[in-house]
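Step one of this worksheet: look at the structure below.
The values are calculated or read from the model by the stated rules, or taken from the named source; none is laboratory data. Because the structure is a prediction, the values reported are computed rather than measured. All Cβ positions, even for glycine, are placed from backbone atoms using ideal geometry, and neighbour counts span all protein chains on display.
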Amino acid sequence: MATKQSNLVGGSFLLKDAQLDDIFIPEQFSEEQNGIKDMVIDFCKQEIHSMGFEKLSALSADKDLDKVKEIFDKASELGFCAGSIPETYGGMGLDFNTGLVFSEAIALGFSFATTIGAQTSIGSLPIVWYGTEAQKQQYLPKIASGEYACSYCLTEPTSGSDANSAKTNAVLNAEGTHYLINGQKMWITNGGFADVFIVFAKIENDERLSAFIVEKEFGGIEIGKEEKKMGIKASSTVQLFFNNCPVPKENLLGERGKGFNMALNILNSGRIKIAAGATGGIKFGTKTSVEYAAQRIQFGKPISDFGAMKQKIGNMVMQGFVLESAVYRTGADVDKKYDELKAQGKSENDCKIDAMREYAIECAILKCQGSEAMCNAADEAIQIFGGMGYSMETGVEMAYRDARITKIYEGTNEINRMLSLAEFYKRAFQTKEIKLKDASTKIPLGLAQNLNPFSNGKFDKEEEIVNNLKNLFLIITGAAGRKLKTKLVDEQEIVMNLADILAMAYMTESALLRVKKLASMKDVDAKDLEMKTKAMQLYIYEALDVARKSAANAIDSYASGVEKFAMRRLVDGLLRAYEINPKDMRRALADYAVEKMDYPF
């Protein structure tokens, strides 16, 4: 089923054979990238962890906003606000993948990761990507230095996932010099101390949103009380009320009526950054859990010696390895797409916007898989700590509470699952980049692609499984589309089942490609490669279960009679048993983490 395609087409992983030379893996990080990661981690330990987890857990924006701002200012002095801003405007001009390295490292800042994330992503990127030259010169240098703190104002009490139903309105004044903005925004990160707001509103009777750069000093803005939240308590979160807020017409950001598209493109960037942060969160959870399990003695030996604990630790290591593989594979693809567009003569702004948009499917997948893996790791860390995990003293209860929001913001995971399918269908039927209709003719071939238990080629079995996951997704999606047609969009349960199969194809392939590339390199530590191979194989084993269940749910929800029988048989043929010992693999990964006394990779 695979055909040769450009490596720079989002979603094309479904139809092409990836070449190892085209794949970036974390082992290829430069000294500069590793240096940025180390610097950010050191900052988090020195300026945040040094407070002690009990005090840090009790920190809240409603009573400790000065402390939050103090940490923000210290981070600004080190250039933390400058990463994504071009050097021309006082920034560091980091490429996208290096920005993901920063997002991974800053995750150790707990609530502060949300604070700085809003500044460097959704708060400033709209100006970087869509601003005029005058707007960039006016605002970006001060944002890069931290003089201006940023905020992003999209959500309203009646518009969350349905962002374009927003009621906030902008009307040009009689003199034609200013827009007067009226409305209410909620869940505004950094809103309690921000100087600049990116505000989405409808101009007069427009059907679609526009965007504005709004300074607090313009007046007509009432800042609500800090929200009392389950987690990320030290992150400022408020409602904002706009009462005839006068905004110079020059501060319209981008084109009139194009704000909704802007919001979607910015959120794509935020989604993969959540996954990068989740990578850092899983690594922190693994390290903390291993350190505790190794020194906690029960029944005369450390609890890290018990199989039940090894299972949890081994799963954390596996999830961290696979997520990291997929995140940086995608980030590098975004950078390569940017370079390609730049070479074609496109403008700087268009290159950044289009490169990010290209990988909307992958970003949606990573947001879901990353947030869920991190939440699971935080939950397992509490379980390993037992009663101590429920205490503010250890930090893991704070990590558990802070992690939960990642399933919600930047689009809920349900929305992102549906988005990944919607984007897939658009590329299959509108742009014709993905040949969905051809998949229906491949069912006999797909049935023939069963695992050969006597195959001796290195990674042959794993390659067959990954290909069969891709084929299964294309075949079931095509069959469901033909049966339900336009009604499929309303069958959200089926759509989410299909999205999970799609995700398993991408995540397993990313892990497999990383291991294959490592195996092809010289001077690779043999044991490290062996452990990474086990992490990849264990994930594939688990992915098969996810795909089998998702496929069964989808098929049973739309098919009947002969078709149902045939499709279920197809699943059985494509997703046969993968003969590994999952218990031994988890134990080996856990033992390796205990040996390193850290996340081992």
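When Glu227 is tested against (1) within 25 Å of the chain's Cα centre (by Cα); (2) under 18 Å from Thr158 (Cα atoms); (3) in a strand (DSSP E or B), just one condition goes unmet, and that condition is (3).
Against the list (1) in contact with a helix residue (DSSP H, G or I) (Cβ under 8 Å, 6 or more places away or on another chain); (2) surrounded by 21 or more Cβ atoms within 10 Å (Cβ to Cβ); (3) within 20 Å of Gly411 (Cβ to Cβ), the condition Gly192 fails is (3). Once region 296-324 is narrowed to residues that are in a helix (DSSP H, G or I) and of a type in the set (S, T, N, Q), the residue that is farthest from Met374 (Cα to Cα) is Ser304. When region 230-239 is filtered for residues that are crowded, with 16+ Cβ neighbours inside 10 Å and in contact with a helix residue (DSSP H, G or I) (Cβ under 8 Å, 6 or more places away or on another chain), the ones remaining, listed by number, are Gly231, Ile232, Lys233, Ala234, Ser235, Ser236, Thr237.
Do we find that Met585 is closer than 23 Å to Lys367 by Cα and modelled with pLDDT of 95 or more in this structure? So Met585 fails the test.
Candidates in region 470-506 are the residues that are of a type in the set (Gly, Ala, Ser) and modelled with pLDDT of 95 or more; of these, the one that is surrounded by the fewest Cβ atoms within 10 Å (Cβ to Cβ) is Ala505. Listed by first and then second residue, the pairs linking a residue in region 457-481 that is assigned to a helix (DSSP H, G or I) to a residue that is acidic (Asp, Glu), with Cβ atoms under 6 Å apart and 6 or more places separating them unless they lie on different chains, are Val466/Glu509. Of everything listed in (1) surrounded by fewer than 21 Cβ atoms within 10 Å (Cβ to Cβ); (2) more than 30 Å from Ala364 (Cβ to Cβ); (3) within 29 Å of the chain's Cα centre (by Cα), the single unmet condition for Arg296 is (3). Entry remark, region 129-184: residues being among the small types (Gly, Ala, Ser) and assigned to a helix (DSSP H, G or I) number 5 in total. Only one of the numbered conditions (1) in contact with an Asp or Glu (Cβ under 7 Å, 6 or more places away or on another chain); (2) surrounded by fewer than 16 Cβ atoms within 10 Å (Cβ to Cβ); (3) polar (S, T, N, Q) is violated by Ser550, and that is (2).
Here's a check for you: in region 305-336, which residue that is touching a residue at least 24 places away in the same chain (Cβ under 8 Å) and charged (D, E, K, R) is farthest from Asp350 (Cα to Cα)? Within region 305-336, the match that is farthest from Asp350 (Cα to Cα) is Lys310. Taken together, the residues in region 315-336 that are surrounded by 24 or more Cβ atoms within 10 Å (Cβ to Cβ) and either of a type in the set (D, E, K, R) or assigned by TED's automatic domain parsing to the domain that holds Asn97 (or both) amount to 3. Scan region 367-395 for residues that are among the charged types (D, E, K, R), within 19 Å of Ile272 (Cα to Cα) and either without any contact (Cβ under 8 Å) to a residue 60 or more places away in the chain or not assigned by TED's automatic domain parsing to the domain that holds Ile282 (or both) and jot them down. Answer for region 367-395, where residues must be among the charged types (D, E, K, R), within 19 Å of Ile272 (Cα to Cα) and either without any contact (Cβ under 8 Å) to a residue 60 or more places away in the chain or not assigned by TED's automatic domain parsing to the domain that holds Ile282 (or both): just Glu372. Where helices (runs of 4 or more DSSP H) sit wholly within region 503-601, those with at least 2 residues that are more than 26 Å from Ser304 (Cα to Cα) occupy 526-558, 561-574.
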